[in-house]
Amino acid sequence: MSASLPLFRHHPDSLASGSIRAATETCACRTCNTGWIYTATFYTAYEVTGRFCPWCIADGSAAELRRRIH
């Protein structure tokens, strides 16, 4: 895994598994374009539009956004 990507304790090689891939998509959380996007499915009680970058997932911003919206 790239040293520049956040590490996930329960998914240590997310780049190799394809859960994170290089992308030009904008992150749904911060509307930033980091060059990486999370592509795997995840559980949520809310409808999610768009995909998140690994940094917003790692620092909790993606989860916090969903709480503020709903």
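Quick notes
- Among residues of region 29-70, those that are in contact with a Lys or Arg (Cβ under 6 Å, 6 or more places away or on another chain) and among the aliphatic types (A, V, I, L, M), counted: 1
- The listed residues are Glu64, Glu25, Glu47, and the only one of them that is part of a helix (DSSP H, G or I) and acidic (Asp, Glu) turns out to be Glu64.
- Within region 7-36, residues that are within 16 Å of Ala62 (Cα to Cα) and at pLDDT 90 or above reach no partner that is polar (S, T, N, Q) and exposed (fewer than 13 other Cβ atoms within 10 Å of the Cβ) with beta carbons closer than 6 Å at six or more positions or on different chains.
- Test for Ala40: is it surrounded by 13 or more Cβ atoms within 10 Å (Cβ to Cβ) and either assigned to a loop (DSSP other than H, G, I, E, B) or not aliphatic (A, V, I, L, M) (or both): no
The values are calculated or read from the model by the stated rules, or taken from the named source; none is laboratory data. Keep in mind it's a predicted model, so treat the numbers as computed, not measured. Here Cβ is always computed from backbone atoms with ideal geometry, including for glycine, and neighbour counts include all displayed protein chains.
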